[in-house]
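K.L.:
First the structure, which I've put down as structure tokens, then a few questions once you've had a look.
The values are calculated or read from the model by the stated rules, or taken from the named source; none is laboratory data. The model shown is predicted, which means the values in this text are computed figures rather than measured ones. In this analysis, Cβ positions are derived from the backbone assuming ideal geometry, glycine residues included, and neighbour counts consider all displayed protein chains. Surface accessibility is based on the protein's heavy atoms, side chains included, excluding ligands, DNA and RNA. Shrake-Rupley method; radii C 1.70, N 1.55, O 1.52, S 1.80 Å.
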Amino acid sequence: MATVQLTFPHHRYEVRIEPGALSRLGEWVHEVAPHKRAALFADTRVFNEHGMVARQSLIAAGYDVVIVET
């Protein structure tokens, strides 16, 4: 798996790049944010292509998911 570190003045993010990564989204989010709710933001085109896989992964990790299409 390839990773890219993005560092900003107040936050640091790790972007993970691999085939099928969205199916592991819930697992990875839970490692850094073990909460009960998650919000999934995407424009309609991106959500139609990838949103359900991301949503299902978050649900499988135990999140109540709110979807916000922009």
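K.L.:
With +1 on the Cβ of every Lys and Arg and -1 on the Cβ of every Asp and Glu, and nothing else charged, how large is the dipole of the chain about its Cα centre, in debye rounded to the nearest 20?
P.N.:
Computed about the Cα centre, the dipole is about 120 debye.
K.L.:
OK, next. Over 17 Å apart: what share of the alpha carbon pairs of the chain falls there, rounded to a whole percent?
P.N.:
Taking all Cα-Cα pairs of the chain, the fraction more than 17 Å apart is 48 percent.
K.L.:
Something else about it: Based on the alpha carbons, how large is the Rg to Rh ratio for segment 1-41 when Rh follows Kirkwood?
P.N.:
Rg/Rh for segment 1-41 comes to 0.98.
K.L.:
Whole number in Å², please: accessible area per residue of the chain, 1.4 Å probe, ligands, DNA and RNA not counted.
P.N.:
Per residue, the chain has 77 Å² of solvent-accessible surface.
K.L.:
Per DSSP H run of n ≥ 4, the term is -39500 (n - 2.57); total these for the chain, divide by its residue number, and report the mean residue ellipticity at 222 nm rounded to 500 deg cm²/dmol.
P.N.:
Result for the chain, helices only: -6500 deg cm²/dmol.
K.L.:
When the accessible area of the chain is computed with all protein chains present and a 1.4 Å probe, what percentage of it is carbon and sulfur?
P.N.:
Taking all protein chains in place, the chain shows 57 percent carbon and sulfur surface.
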